[in-house]
Each structure stands twice: as structure tokens, then as C-alpha cells.
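Inspection log for the structure reproduced underneath, given as C-alpha cells.
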Amino acid sequence: MKAVPIARATLVLGGAAVTGYGGWLLWPQLPAAWTWLVAGPILHDAVVAPAVGVAGLTLGRLIPDPARRAWVAAGLTISAVLVLVALPLLWRPQPAPINPGLHDRDYVQGLIVALFAIWAGVAVAAASRPRHRRGDRDPG
């Protein structure tokens with residue numbers, strides 16, 4: 001079957017071309033972007049991951065049902081990623097000239113609304129889970 005290797009090679013070459021183009025566009029901004037390229041992983045590993053881990057362990061002890069714990073863990077993970085993505089706009093709201101429609105938003109309010117929607121969804125999903133699955137029922 002020659003189609004699979006040809007398709008794979010085409011995808012690899014296409015991905016390499018797009019990655020090279022992205023690197024070429026990033027090169028002039030590399031000194032400014034370097035801070036975020038280094039600070040992002042450090043901030044994640046030093047602050048976000050331990051905070052989510054401690055919160056997960058704490059809530060894991062408070063929530064006995066494993067399925068509900070999974071929903072809470074998903075909510076924590078999504079919330080942490082959202083906060084990490086929103087952090088640059090919350091920390092330095094206008095790093096570039098104002099672009100109408102992009103920088104004229106209240107990012108704190110948007111983050112709060114998004115977090116509320118995430119946790120409302122987690123609460124509904126965790127509360128609507130049936131108590132017994134088919135294999136968990138008592139035969140007697």
C-alpha cells in the first residue's frame with residue numbers, strides 16, 4: 001500500500017513547512033516573545049500545576065464518588081488552562097495599540113463569566129449522573 005506512506009510524507013512535509021513559516025514570522029519578535037516562551041512553562045510548573053494538584057487532592061477527599069471527582073478534576077483542569085491563557089491580558093491589558101473590537105473588552109468580567117459557566121456545567125454534569133450503573137446494581 002503506497003497511499004499511506006505518501007499521505008504520511010505529505011502531512012509531515014506540510015507540517016514542517018507551516019512550522020518553518022511560523023518560525024520565520026516569530027523570528028523578528030523573538031526577544032519580546034522569549035519572556036512568554038520561557039515564563040509560561042515556568043509559571044505553569046511552579047504555580048498552576050501545584051495549585052490544581054492540591055485543589056484536586058483536597059476535593060478528592062471531600063467528594064467520595066469517583067465519577068463526580070472526575071467532573072471536578074475536569075473543571076479544575078479547564079479552569080487552570082483558561083486562567084493561564086487569560087493571564088497575559090489580565091496582567092498587561094494593552095501591550096499593543098488598541099484594536100477596536102479586540103481590546104475594548106472587560107477581560108476580568110469575561111474570565112469570571114467563563115469560569116462560572118464551566119463550574120455550572122460541572123455541577124449539572126456531576127448532579128445528573130445516575131447513582132448506579134448497570135454493573136453496579138445489587139443482585140438481591
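Just so you know, all these numbers are worked out from the coordinates, no wet-lab data involved. Just so it is clear, the structure is predicted and the values come from calculations on it, not from any experiment. Cβ: placed from backbone, ideal geometry, glycine included. Neighbour counts: every protein chain shown.
Overall size of the range 34-130 from C-alpha positions, given as principal axis extents largest first: 51, 29, 14 Å. Along the range 15-30 the Karplus relation, 6.51 cos²θ - 1.76 cosθ + 1.60 evaluated at θ = phi - 60°, assigns HN-Hα couplings of x, 5, 5, 5, 5, x, 5, x, x, 5, 6, 6, 3, x, 9, 4 Hz to successive residues, with x for each Gly and Pro.
Full extension of the chain segment joining ILE112 with LEU90 gains 6.7 nm, where the gain is 0.36 nm per residue of separation less the Cα-Cα distance.
This model, with +1 at the C-beta of Lys and Arg and -1 at the C-beta of Asp and Glu, gives the range 34-130 a dipole about its Cα centre of some 260 debye.
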